[in-house]
Amino acid sequence: MTFDELLGILVRDGQLIPERAQELFEQKESRLVRLVLEQQRATAHTGGPASTGPRGGDVGAIGPVELFMSFGVTDPRGRPLSEDRVTELYARGVGLPYLKLDPLKLDAAFVTAAFSRAFARKHSMLAIADLGASVRVATIDPFDQWAVESAEQSVGKKLELVVASKSDIQRLIAEFYGFRRSVKSAEDKLTSGVDIGNLEQLVRMKSANEIEASDEHVVHAVEYLMTYAFQQRASDIHIEPKREEAIVRFRIDGSLHEVNRLPPVVHKAVVNRIKTLARLDIGEKRRPQDGRIKTEFASKTVELRVSTLAVAFGEKVVMRIFDPDIVHDDLEKLGFTPRDRGLFEGLIQRPHGILLVTGPTGSGKTTTLYTALRKLATDDVNITTIEDPIEMVFERINQTAINPTLGLGFSETLRTLLRQDPDILMVGEIRDVDTARHAIQAALTGHLVFSTLHTNDAAGAITRLLDLGTEHFLIASTLSGLMAQRLLRKVCVHCAEERILTPSEVELLGPALPSGPRPVRTREGAGCVECRHTGYFGRSAVYELFEVNEGIRRLIMARADATLVKAQARRDGMVTLREAAVVKLLAGETTFEEVLAVTHPDE
């Protein structure tokens, strides 16, 4: 297909007005010359041969889609035309399927074994699946007959061609071939000369530093792995040793996805490279260690919290990725309802008292509190935190980590910080009665205290404090607010479609579902490459928040159980976690299944 034919397809699809198409047609030759010159300069810089002959009606290796995208064209409504959309229309025009490539659904070993890296880069061609009698190959130019024939000879099978965007193909070539090549080179270098079958084989044992910290291939593999995780929006990287090999998994939107496998010798080297970056002891293999790595991606700082643990087949490493963009300056971006946002903002602006945030691990409690602290961090306020460990560093906040090996837990560190003239304190977690009493003492002496507890709902925090041995009258006099939160996966906007709840599903939601028109219409994701066929893309928080007013204080003084406290809070206007989740369900932001999975009818 020529550039002129592509312009015609875009016009017929409504992506381009005829007048603009005519302008692009008239500018084609001059733009081609400029792109070819840029290509030749880039090739000369890398020392490779330049390709200048005509192909498919265009000059050199510049296809119609690449030429069109170089103009930066917008659609009739002024929105930039995406390369994916233009490529999809191009594929339709040539009669081939279009495929949006998902790296997490591809077998990296197969991809890199099918073609050489040089061939894949030169022809923007990627083998993506073995179909038995044929191999599915993604390409940007199905008319490059020489490349197709060469690829068939390489794999020994016929090709089933699909069209993908050049950006996707080239990005995956860099990721797959770069990572796999680094892993393979590291494996070859680290295991060279070893023959397990030869009992008399002399094995040269390298030092830990020589093998595991300074090997260039290992360095490259770790860098590829981290970059890959950042690009895929991963919140955690898991490197898990098994009997025969190590598994690398990413947690994305709360779910784990396997992305690669490592030979045992490379796993050890990768783990020690990560430990070196995190300033951990690479000689210590049995004791758990915690550290952090600070790096940059896409012109912004990213922090990783590193945790190591000895398991059956070696050391497991988990790196939690903290993107500073998830901590907002605006409370509205946290997902509060208008009522809860106003109440939360009022609670954090108080001069003293304790605000507790409850919920399981990974429910976003720290993100919520960090956002509140960033909003309060002004030049005339001294904010100090006690964390285990420090998760994200903010210069305007004084942050300290507990150190149990030195006898500095939450309670001991909190006692010291009270002598540091703080205005606002954040205690990472209240775990024992000493920490609870010191937090209460801080609130009684005019400090604003934030902390977290692991309870199922907001009212349960009061019962938890009483169980720890905290006096009820101190809780009543210092507690200002209680909040519980959860994270719900959001419906993928790229594949969302309407769904009507069945009568049995409506019944399951019970009183949390407000009265209104029936049937109940919601949305769910059908599954696409953008969401990795999960139907979900991103997460959003739901909250259960209430103020400790006089009615609640009377119940605390009477040692009432959590059920009575919650009933009073609901009479005061509190929305439960299930009700807040249903609001997002009816707004089309999450699904029925996610509401049931994350919240309980009693919450």
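Every residue, every condition in (1) buried (at least 17 other Cβ atoms within 10 Å of the Cβ); (2) polar (S, T, N, Q); (3) under 14 Å from residue 542 (Cβ atoms), yes or no:
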site: 317; (1), (2), (3): yes, no, no
site: 331; (1), (2), (3): yes, no, no
site: 338; (1), (2), (3): no, no, no
site: 341; (1), (2), (3): yes, no, yes
site: 344; (1), (2), (3): yes, no, yes
site: 354; (1), (2), (3): yes, no, no
site: 360; (1), (2), (3): no, no, yes
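Restricting attention to the stretch 117-133, the residues that are touching a residue at least 12 places away in the same chain (Cβ under 8 Å), more than 15 Å from residue 166 (Cβ to Cβ) and either out of contact with any helix residue (DSSP H, G or I) (no Cβ under 9 Å at 6 or more places or on another chain) or assigned to a loop (DSSP other than H, G, I, E, B) (or both) add up to 2.
Selection over the stretch 1-42 of residues that are within 14 Å of residue 65 (Cβ to Cβ), among the β-branched types (Val, Ile, Thr) and at pLDDT below 85 gives a count of 0. Only one of the listed residues (585, 545) is surrounded by 19 or more Cβ atoms within 10 Å (Cβ to Cβ) and not in a helix (DSSP H, G or I). That residue is 545. For the stretch 109-132, a residue qualifies if it is surrounded by 20 or more Cβ atoms within 10 Å (Cβ to Cβ) and within 18 Å of residue 96 (Cα to Cα), and the qualifying residues are 123, 124, 125, 126, 127, 128. In the stretch 322-366, which residues are β-branched (Val, Ile, Thr) and either at pLDDT below 90 or out of contact with any Ser or Thr (no Cβ under 8 Å at 6 or more places or on another chain) (or both)? Those that are β-branched (Val, Ile, Thr) and either at pLDDT below 90 or out of contact with any Ser or Thr (no Cβ under 8 Å at 6 or more places or on another chain) (or both): 326, 327, 337, 348, 361, 366. Only one entry of 425, 355, 343 meets the criterion of being in a helix (DSSP H, G or I) and touching a residue at least 12 places away in the same chain (Cβ under 8 Å), and that entry is 343. Would you say residue 164 is small (Gly, Ala, Ser), closer than 23 Å to residue 85 by Cβ, surrounded by 15 or more Cβ atoms within 10 Å (Cβ to Cβ) and modelled with pLDDT of 90 or more? The answer is yes for residue 164. In this structure, does residue 565 turn out to be within 15 Å of residue 601 (Cα to Cα) and surrounded by 18 or more Cβ atoms within 10 Å (Cβ to Cβ)? So residue 565 fails the test.
Here is a yes/no grid of residues against (1) farther than 16 Å from residue 557 by Cα; (2) surrounded by 16 or more Cβ atoms within 10 Å (Cβ to Cβ); (3) under 34 Å from the mean Cα position of the chain (by Cα); (4) at pLDDT 90 or above:
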site: 469; (1), (2), (3), (4): no, no, no, yes
site: 482; (1), (2), (3), (4): yes, yes, yes, yes
site: 491; (1), (2), (3), (4): yes, yes, yes, yes
site: 512; (1), (2), (3), (4): yes, yes, yes, no
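What do you reckon, is residue 135 aliphatic (A, V, I, L, M), more than 18 Å from residue 2 (Cβ to Cβ), crowded, with 18+ Cβ neighbours inside 10 Å and modelled with pLDDT of 90 or more? It is true that residue 135 is aliphatic (A, V, I, L, M), more than 18 Å from residue 2 (Cβ to Cβ), crowded, with 18+ Cβ neighbours inside 10 Å and modelled with pLDDT of 90 or more.
The values are calculated or read from the model by the stated rules, or taken from the named source; none is laboratory data. Quantities reported herein were computed from a predicted structural model and do not represent experimental measurements. Every residue, glycine as well, gets a Cβ built from its backbone with ideal geometry; the counts of neighbours run over all protein chains shown.
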